[in-house]
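The values are calculated or read from the model by the stated rules, or taken from the named source; none is laboratory data. Quick caveat, the model's predicted, so the values are computed rather than measured. Cβ atoms come from the backbone with ideal geometry, glycine included; neighbour counts cover every protein chain shown.
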């Protein structure tokens, strides 16, 4: 496992940053309503029964089939100090899923990848959120990783076995291990998809 980068711990709370999200129906289509979400809660405009919104998760892999994972900052209200996928967050109102994946990857770890025209390898419906999962291969020097101090305190490479052990130990976000395995498998096969059986 290679340590990518670290930053000193920032324990101050980040300022209030409103997020405006498109409200979706159960098929994932916008219904023409936008809500303001305070980070990690819907205190401004609560979701109504049947409302959905979209989140993106990006997973960057190297040629050794390791995923770049990030450690959430100590100041995060949810999941502080836990390890997670490379980057992720809510899709802003008027933004495509692909645009959000590119934005979150750049904001959180300073990497640039254009997901335009790329379908998510997986979409999970976990009400009230649709989670679109994207993968990419790291191009260039890993020293390009620049962490967003308010949200991320460290990043490193991890194998499937590493992440599974971290989930069991409570150090990684509590995703089902089968989901992590599926993402690793689908990424490994993504260039071999033909669309036929």
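See the values below:
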{"read-out": "Residue within the range 167-178 that is in a helix (DSSP H, G or I), touching a residue at least 60 places away in the same chain (Cβ under 8 Å) and farther than 12 Å from residue 109 by Cβ present", "value": "no"}
{"read-out": "Subset of the range 160-176 that is in contact with a helix residue (DSSP H, G or I) (Cβ under 7 Å, 6 or more places away or on another chain) and modelled with pLDDT of 95 or more - its residue that is nearest to residue 82 (Cα to Cα)", "value": "172"}
{"read-out": "Residues of the range 49-76 classified as surrounded by fewer than 19 Cβ atoms within 10 Å (Cβ to Cβ), in contact (Cβ under 8 Å) with a residue 40 or more places away in the chain and more than 24 Å from residue 189 (Cα to Cα), total", "value": "2"}
{"read-out": "Residue list for the range 130-166, restricted to those being over 17 Å from residue 58 (Cα atoms) and either in contact (Cβ under 8 Å) with a residue 40 or more places away in the chain or surrounded by 13 or more Cβ atoms within 10 Å (Cβ to Cβ) (or both)", "value": "143, 149, 150, 153, 162, 164, 165, 166"}
{"read-out": "In the range 93-124, the residues that are over 18 Å from residue 187 (Cβ atoms) and either over 14 Å from the mean Cα position of the chain (by Cα) or not in a loop (DSSP other than H, G, I, E, B) (or both)", "value": "93, 94, 95, 96, 99, 100, 103, 106, 107, 108, 112, 116"}
{"read-out": "Flag for residue 88 being surrounded by fewer than 18 Cβ atoms within 10 Å (Cβ to Cβ) and either in contact with a strand residue (DSSP E or B) (Cβ under 7 Å, 6 or more places away or on another chain) or assigned to a loop (DSSP other than H, G, I, E, B) (or both)", "value": "no"}
{"read-out": "Selection count where residues are modelled with pLDDT under 90, assigned to a loop (DSSP other than H, G, I, E, B), under 23 Å from residue 101 (Cβ atoms) and in contact with a strand residue (DSSP E or B) (Cβ under 6 Å, 6 or more places away or on another chain), scope the range 30-81", "value": "1"}
